[in-house]
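Okay, so here's the structure we're looking at.
The values are calculated or read from the model by the stated rules, or taken from the named source; none is laboratory data. It should be emphasised that the depicted structure is a prediction, and the values quoted were computed from it without experimental measurement. Reconstructed Cβ throughout: ideal geometry from the backbone, glycine too, with neighbour counts over all protein chains shown. Protein only, heavy atoms only, side chains kept; ligands, DNA and RNA dropped before computing areas. Shrake-Rupley method; radii C 1.70, N 1.55, O 1.52, S 1.80 Å.
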Amino acid sequence: MLWQTVRLAVQAIFRNALRSILTVLGVVIGVAAVIAMVTVGQGSTEQVTSDVAKLGTNLLMVRPGQAQQGPQPGNPASAFNLRDVEAIATQLASVRAAAPADTRTMTVILGDQNHATQVVGTDSAYLTARDIPVVLGRSFYESELRSGAAVCLLGQTVRKELFGSGDPLGQSFRIKSISCRVIGVMAEQGVSTFGTDQDDFVLIPIRTFQRRIAGNADVTMIYVSVRDGVDTGVAKSQIESLLRERRHIGPGEEDDFNVFDMKQVATILTGITAVLTGLLSAVAAVSLLVGGIGIMNIMLVSVTERTREIGIRLAIGAQEGQVLLQFLVEAIVLSLLGGLLGILLGLGLAAIAAALMKIPFSPNPLVILLAFGFSAAVGVVFGYFPARRAARLDPIEALRHQ
Amino acid sequence: MSADAPLIALERITKTYGMGDAMVRALDGVDLTIAAGDFVAIMGPSGSGKSTTMNILGCLDTPTSGHYRFKGVDVSGLNRDQRALLRRHYIGFVFQGYNLLPRTSALENVEMPLLYKGMAHDERRALALDALDKVGLADRAGHDPSELSGGQQQRVAIARAIVGRPAVIMADEPTGNLDTARSHEIMELLTRFNTEDGITIVMVTHEPDVAVFAHRQIHFLDGRIARDGATVEAV
Ligand SMILES: Nc1ncnc2c1ncn2[C@@H]1O[C@H](COP(=O)(O)OP(=O)(O)OP(=O)(O)O)[C@@H](O)[C@H]1O
Ligand SMILES: [Mg+2]
């Protein structure tokens, strides 16, 4: 009987295919919005998580200046120096590696090739702290670091720009007036959440950088990687107190530097994603509501149009519940159809968005199931009133209806 | 249900519509007994209460007062769903306007009552085809009502009425939309189901040449039975 009822409903729906599709458009859009949003949201969360993991979830970045942005009152905070880095690396047990860094955007030149890139002065700890393997050649020797030799490690993008598919090892190119010899190439990092190319950089020894590019002894950033199993929060406060001491900051004074925990990025981004998902879910809910009202409207029209049919069924011996079920099933089948179309559309949109945004396409079966259930619920809620109206028709009047 | 009770017994049935000044007394004390196997024609002028009586007999409507015993059981107080069950199992309907479901094949139309009886698909199919065969439309099983003539549609409607082997068929002006030849075909069918299958037939008609097919003619006037007697054979 139920199967019959479903078949009947499907027949009734396809008898008026165009109208049915227009009717369920609201549900289609609502469900598609939910599915697309959640899928894209999930994909970008995964992307962020893997980006952060790539950067190192136990990575801290120490910079001079206060945490808040904008112009700082009073004197600009002084940079760090190499002894600060050494103190962090050697005095704190929670620290696995600490790398100094100073960065400039510069043009690198080889023959008639030139390319603007980030030149980072640092040391071997940089590779440890940021967990970047050297895939070709080697890292810096201690002697090269100490003497400030003109040697460098290339990111994949710079390698491609300057050397194409050729072997860069042992070759030299120019950074400003420095002729720099390539000793290694770093593994590919890919594109970050923010769309920046993380392979577009060159590493040179920090002393080389200070002496021949910056012309000072500054370290403008310290990368610190925390030992496994150590809470980054603990390491952060240890670094803070060590640096306060080294920079002679009195007990009542604010830090003139800040320690940035990569985990914060993840938290912020996840937060943004959650807010966006919430907002769009609200839009989707409204859309589903509108869709439901559309279904109710068309079901009421359908009941009126089919008054005589209902009269015939009642005369022949259909009970109230059976007529109710017939129209309810029709509304449910209709909205499930809308739900199904919405899921397909939503997944399609999400797949396109994922491809454009270069994030993983990760459909969530639970959400799909939920959307399906939700569209069934829309059918029940908004189909009930018209179905009840049909079921309560007086058979004599219904039969007389033209 | 007692075996010797008449199939249908109406006692002092009244039916009023509306209230106060606008009140219409459609039936005004109708007593009527119909035995199982009878073939009854109800006649009378327009507005005399024929359809109202048929609706009460068919359990589509309830009387304002009085008693209706069906197979000895008082059914005047049954609720909607109970009346639906009664109709489902004992009563077949034939209407003036055929009342087939549009865009639904003849076969599916005939199957419909069996669907509500909860019968399995194959059995339903077989019985419906058999019923269509009995009205001479086995070859039209797959046709929609819109592809059938009026007479054919009414035959499909008769097949739908008899497919569930009802005790009685209620036919309100079954030939009202048909010409004489077609009307006689319909009456011959009803006569056959009456004599061969023992189905009681209650029929409203305006036409004397249709009424003669019945064994008994009841004349209504102003909501009362004015005359009730056996059909006098013209031969
Ligand atoms: N639902 C209703 N509301 C009000 N009055 C009604 C209703 N149904 C029937 N009547 C009235 O009851 C009376 C009997 O109607 P009924 O339909 O039984 O007549 P009838 O004998 O079938 O007439 P006809 O030959 O025209 O079909 C009429 O006066 C009619 O106007
Ligand atoms: Mg009438």
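Have a look at B:Ile201, B:Val40, A:Leu366 and report the one farthest towards the positive end of the charge dipole of the protein assembly as shown, computed about the Cα centre with Cβ charges (Lys/Arg +1, Asp/Glu -1).
Projecting each Cα onto the dipole axis, the largest value belongs to A:Leu366.
Taking the 0 to 90 degree range and rounding to the nearest ten, how far is the long axis of helix B:80-90 tilted relative to the main principal axis of chain B, both from C-alpha atoms?
60 degrees
Given the options B:Asp133, B:Asp28, B:Asp179, which has the most mean-square fluctuation in a GNM of chain B, springs set between C-alpha atoms less than 10 angstrom apart?
It is B:Asp179.
Could you give me D for the range B:1-77, from Stokes-Einstein at 20 °C and 1.002 mPa s, where the hydrodynamic radius is the Kirkwood radius over C-alpha pairs? Units µm² s⁻¹, please.
The calculation lands on 164 µm²/s.
So which lysines can B:Lys134 reach, going by Cα to Cα under 23 Å and dropping same-chain residues fewer than 8 places off?
The reachable lysines, counting only those whose Cα sits under 23 Å from B:Lys134, are B:Lys117.
For the protein assembly as shown, what log10 I(q)/I(0) values come out of the Debye formula at q = 0.11 1/Å, with one point per alpha carbon and no solvent?
Debye curve over Cα of the protein assembly as shown, log10 I(q)/I(0) at q = 0.11 Å⁻¹: -1.06.
With the crude spin-label approximation of a point 7 Å out along Cα→Cβ, what separation in nm comes out for B:Ser65 versus A:Leu22?
Label-label distance for B:Ser65 and A:Leu22, simple model: 5.4 nm.
Restricting to DSSP H runs of at least four residues, report the calculated mean residue ellipticity at 222 nm for chain A, -39500 (n - 2.57) per run over all residues, nearest 500 deg cm²/dmol.
-19000 deg cm²/dmol
With +1 on each Lys and Arg Cβ and -1 on each Asp and Glu Cβ, and nothing else charged, work out how big the dipole of the range A:78-255 is about its Cα centre, in Debye to the nearest 20.
560 debye
Quick one: Kirkwood hydrodynamic radius for the range A:274-402, alpha-carbon pairs, angstrom, one decimal? Don't jump to the answer; show the numbers that get you there.
Numbers: mean 1/r = 0.0607 Å⁻¹.
That comes to 16.5 Å for the range A:274-402.
In straight Cα distance, which lysines are under 24 Å from B:Lys15, not counting same-chain residues fewer than 8 positions off?
B:Lys50, B:Lys71
Take the Cα coordinates of the range B:93-169, assign each an equal point scatterer, and use the Debye formula without solvent to give log10 I(q)/I(0) at q = 0.17, 0.26 Å⁻¹.
Log10 of I(q)/I(0), two decimals: -0.54, -1.28.
Helices from chain A with mean Kyte-Doolittle at least -0.5 and a Cα length along the axis of 27 Å or more, per DSSP H: which?
Span-like helices in chain A: A:17-55, A:262-305, A:320-357, A:365-391.
Picking from B:Gly151, B:Gly136, B:Gly118, which is most flexible by a Gaussian network model of chain B using Cα springs under 10 Å?
Maximum among the listed residues: B:Gly118.
In whole percent, how big is the carbon plus sulfur part of the accessible area of chain B, probe 1.4 Å, protein atoms only?
Answer for chain B: carbon and sulfur cover 50 percent of the accessible area.
Cα extents of the range B:1-134 along the three principal axes, largest first, in whole Å?
Over the range B:1-134, Cα extents along the principal axes are 52, 37, 28 Å.
A:Lys160: which lysines have alpha carbons under 25 Å from its alpha carbon, excluding same-chain residues fewer than 8 sequence positions away?
In chain and number order, the partners are A:Lys54, A:Lys176, A:Lys358.
What Kirkwood Rh does the range A:78-255 have if only Cα atoms enter the pairwise 1/r average? Answer in Å.
On the way: mean 1/r = 0.0583 Å⁻¹.
In the range A:78-255 this quantity evaluates to 17.2 Å.
Tell me, what % of the accessible area of chain A is carbon and sulfur with a 1.4 angstrom probe?
Looking at chain A in its full context, I get 61 percent from C and S.
Averaged per residue, what accessible surface does chain A expose to a 1.4 Å probe, in Å²? Don't jump to the answer; show the numbers that get you there.
Numbers: 18940 Å² over 402 residues.
Ligands and nucleic acids excluded, the figure is 47 Å² per residue.
What does the buried accessible surface come to for B and A, summed over both chains, with the probe at 1.4 Å? Round to 100 Å².
Protein heavy atoms only, the B-A interface buries about 2200 Å².
Mean-square fluctuation check for chain A, GNM, Cα pairs under 10 Å: which of A:Ala17, A:Ala235, A:Ala274 is largest?
Between A:Ala17, A:Ala235, A:Ala274, it is A:Ala17 that shows the largest mean-square fluctuation.
With the calculation restricted to Cα positions, what are the radius of gyration and Dmax of the range A:160-225 in angstrom?
Expressed in Å, the Cα Rg and Dmax of the range A:160-225 come to 14.1, 36.
Quick one: Kirkwood hydrodynamic radius for chain B, alpha-carbon pairs, angstrom, one decimal?
18.2 Å
Only bridges with both residues in chain A count here: give the DSSP antiparallel percent, nearest 5.
80 percent
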